[in-house]
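Right, one structure below, let's go through it.
Taken together, the values in this text are just the output of simple stated rules run on the coordinates, not laboratory data. Remember, predicted model here, so these are calculated numbers, not experimental data. Please note: Cβ atoms are built from the backbone with ideal geometry, for glycine as well, and neighbour counts cover all protein chains shown.
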Amino acid sequence: MIVFDLRCANEHVFEAWFGSSAAYDRQREAGQVRCPLCDSADVGKAVMAPNVAAKGNRGGGVDQAGAKRMLAELAAAQAKALEGSEWVGGSFATRARAMHTGEEAHVSIHGQATLAEAKALADEGVPVAPLPLPVTPPEQLN
């Protein structure tokens with residue numbers, strides 16, 4: 001297996017694994033390598049930094065407590081933003097579109113949408129945004 005840093009035409013950088021360089025080339029030529037953020041097939045290899053392990057007696061430089069604190073703050077901010085918002089699950093795209101066209105009253109909603117659904121909503125001018133952290137559906141809580 002080989003990992004490549006890839007960059008799409010919209011400057012999104014992401015990582016992908018392939019069986020070999022030839023497998024990457026075949027999949028890219030067939031249009032099977034797509035950006036997970038914008039679905040662009042105009043993807044190429046990005047400049048990669050070598051993965052050199054730190055010397056064993058040196059600190060990793062990662063503030064674990066600080067990272068946990070920042071994630072907790074982000075989770076709290078997201079929870080506050082979702083207060084009063086209705087979970088609509090997989091019907092998010094349908095409900096958001098109905099509110100945008102005036103078929104349904106405007107309320108705060110959150111749910112799930114596929115990349116294609118989210119792109120279609122954005123193309124139609126429906127104001128949507130991804131959440132930074134996953135949300136557990138109410139039916140899975142306990």
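For this structure, a couple of remarks:
- Cα Rg, Dmax (largest Cα-Cα span) when computed across region 2-45, Å: 9.4, 26
- Residues residue 27 and residue 67, FRET efficiency given R0 of 35 Å [Cβ-Cβ distance, rounded to 0.05]: 0.55
- Spin-label model distance (nm) - residue 80 vs residue 12, 7 Å beyond Cα toward Cβ: 2.9 nm
- Summing Lys and Arg as +1 and Asp and Glu as -1 over all other residues whose Cβ lies under 15 Å from the Cβ of residue 5 gives a net charge of +1.
- In the chain, the ratio of gyration radius to Kirkwood radius, Rg to Rh, stands at 1.07 when only Cα atoms are counted.
- Based on every Cα atom in region 81-129, Rg and the maximum pairwise Cα distance Dmax equal 10.1, 27 Å.
- In a reduced charge model with +1 at each Lys and Arg Cβ and -1 at each Asp and Glu Cβ, region 81-129 shows a dipole moment near 100 debye about its Cα centre.
- Relative contact order [Cα under 8 Å, 6+ residues apart], the chain, whole percent: 17 percent
- Rounded to the nearest 500, the 222 nm mean residue ellipticity of the chain from helices alone is -10000 deg cm²/dmol, with -39,500 (n - 2.57) taken per DSSP H run of at least 4 residues.
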